[in-house]
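Data block below; observations after.
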Amino acid sequence: MSERAQFATKMGVIAASVGSAVGLGNIWRFPYEAGMHGGGAFIAIYILCVLFLGIPVIIAEFIIGRSTHQNANSAIRTLAPGSKFRYVSYIGICSSIMILSFYSVVAGWIAEYMFQSLLGGLNGHSTQDYAKTFNALAGSPWRSILWTYLFLGANFLIIRKGIQKGIEKISNFMMPVLFLLLIIFCINSLLLPNAKEGLKFMFMPDFSQVSPSMVVGAMGQAFFSLSLGLTCLLTYASYFNNKTPLVKSATIIAVLDTCVAVLAGVIIFPAVFSFGAEPAAGPKLVFEILPGIFGQMPGGYFWSLAFFILLFFASITSTISMSEIFITFCTEEHKMSRKKATRLNTLIAMVLGTLCALSFNLLDDFKIFGKTIFDLFDYVSSNILLPAGGFILAVFVGWVMDKKIVKEQLTNSGELNVRTMKPIIFCIRYVAPAAIVLIFLYVTGLF
Ligand code: PFF
């Protein structure tokens, strides 16, 4: 306990939650998911999911974490002795490991792009050349695996040595810079010849395109991007002090996270249409488009280097938070040493990460339910496990937990006047659980 307490009390917990939320989910996953699902309608549904599912479930996680100051499993045991709801912590552990595995592959690509930017290799080519650059990287088993391991190694060193504090300090500075850089890139993209097409694609929803896979994709993206449903924010909230305003903090996290995702879209889509690329290109989308954008900017070398360094940091603050779920579980529930737990976490992620890295080359034909291992991990964790975890946590807070504690948490024992309390409780009790169930029924064809 002491190590985890130390880790969190010495850094800004809100900053840590934002650090967890903002990452590859916003800059890599959001544009490609939006691109694959037709743009505007996906984004509109995504925003609805953030408002009516995301914010209530963040608050639910905060309430459980802050009211007990314990990890998910023991928190639920304390709040509702004997309740089966505590098993939600296993959903959290499984999904955190699956996400860490494929996330590290993508973060490894970012690391290699950072390195290539440094050497000047990402400059001055045509868009087609960037497609080749990416295919050469993802298509090479050893390069992909090497960078995945390097990234996991960096993550390992940080969490093992307990130097999150240092990293968080750096990222408290880096995040605003990343934000600023994104705004500059947005302006640049808006000046591209076919910018209008890109904006139309993003902001003029064509609701005739709505499909079960789009709706479940938007919900999954909201959970993934907000680090939600796997008890990550619950764990962080167990370090909030009694003055932290839960509703306000949840809103700040959701708004900032959504802004970063939308900014990333405004950077990517005008460029996609101006470069004649394919919006539905999937996971490789941003890797082919971004270098092209930097390439045509004056001083492209520095923009690209700065961007990939910042994105690398944003990724690492996210992987630190997802690793912490497994590590706190092992150290607090199974009395394992932090060192051992960190090693185990990294080892599992290396094995599974290898399979994910091979999904783009040697194992690209190996499919389960029509998906490569990489896609399967991504789909199962984001679209199934996280919403299922969110459902359980919302039902727990809405229906099982003592209402007095819920109100105390929302108002900081009566100190805050939270005008939105009734609608929030309504969303936690009814809207979020019902919407998650309906979306699941819709995608399975039962509704
Ligand atoms: N929210 C992170 C992102 O958008 O990159 C990904 C993530 C972090 C998911 C932590 C889950 C988690 F526990």
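The values are calculated or read from the model by the stated rules, or taken from the named source; none is laboratory data. Note that the structure is a prediction, hence the values are computed from the model and not measured. Here the Cβ positions follow ideal geometry from the backbone for every residue, glycine too, while neighbour counts run over all protein chains shown. When the accessible area is computed, the model is the full protein with side chains, heavy atoms only, and any ligands, DNA or RNA have been set aside. Shrake-Rupley method; radii C 1.70, N 1.55, O 1.52, S 1.80 Å.
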- Message: Give the separation of the Cα centroids, the range 367-384 to the range 217-256, in Å.
- Response: 24 Å
- Item | For a label point 7 Å along the Cα-to-beta-carbon line of Ile252, residues of the range 21-59 with backbone N under 17 Å | 21-22, 55, 58-59
- Item | Cα-Cα separations in the range 196-238 greater than 16 Å, expressed as whole percent | 58 percent
- Task: Please list the radius of gyration and Dmax for the chain, considering alpha-carbon atoms only, with Å as the unit.
- Result: 20.9, 63
- Query: Can you pull the Kirkwood radius for the range 14-167, inverse mean 1/r over Cα pairs, to one decimal in Å?
  - Reply: 18.9 Å
- Query: If one computes the Cα centroid of the range 259-321 and of the range 168-209, what distance in Å separates the two points?
  - Reply: 9 Å
- How much length, in nm to one decimal, is gained on full extension between Tyr87 and Lys335, taken as 0.36 nm per residue of separation minus their Cα-Cα distance? 87.4 nm
- For q = 0.17, 0.21 Å⁻¹, what log10 I(q)/I(0) does the range 147-281 give under the Debye formula with an equal point scatterer on each alpha carbon and no solvent? -1.22, -1.36
- Task: Taking each pair of different alpha-carbon atoms in the range 23-112 once, compute 1/r for the pair, average those values, and report the inverse of that mean as the Kirkwood hydrodynamic radius in Å to one decimal.
- Result: 15.7 Å
- Task: In whole Å, largest first, what are the principal axis extents of the Cα atoms in the range 282-353?
- Result: 55, 23, 14
- Take the chain, connect every pair of alpha-carbon atoms lying under 10 Å apart with a spring to form a Gaussian network, then pick out the residue of Leu344, Leu234, Leu358 with the largest mean-square fluctuation. Leu344
- Item | For the range 327-447, convex hull volume per residue from C-alpha positions, Å³ | 169 Å³
- Among all helices in the chain defined by DSSP H, which have a length of 27 Å or more along the axis from Cα atoms plus a Kyte-Doolittle mean of at least 1.6? 246-274
- So how much slack lies between Val437 and Met204, counting 0.36 nm per residue of separation and subtracting their Cα-Cα distance, in nm? 81.1 nm
- Using modelled amide H (1.01 Å from N, peptide plane; none on Pro or chain starts), what sits under 5 Å from the amide H of Asp364, excluding residues fewer than 5 places away? none
- Query: For the cross-link pairs Lys84/Lys161; Lys339/Lys371; Lys132/Lys371; Lys84/Lys243, which exceed 27 Å when the distance is taken from alpha carbon to alpha carbon?
  - Reply: Lys84/Lys161; Lys339/Lys371; Lys84/Lys243
- Query: What is the extension gain from Val177 to Arg343, computed as 0.36 nm multiplied by their sequence separation minus the C-alpha to C-alpha distance, in nm to one decimal?
  - Reply: 56.5 nm
- Roughly how many nanometres apart are two label points built 7 Å out from the Cα toward the Cβ at Asn135 and Phe52? 4.3 nm
- Query: Where does the chain land at 222 nm, in deg cm²/dmol rounded to the nearest 500, when only DSSP H runs of n ≥ 4 count, each adding -39500 (n - 2.57), divided by all residues?
  - Reply: -22500 deg cm²/dmol
- For Cys186, the accessible surface traced by a 1.4 Å probe with all protein chains present amounts, in square angstrom to the nearest 10, to 10 Å²
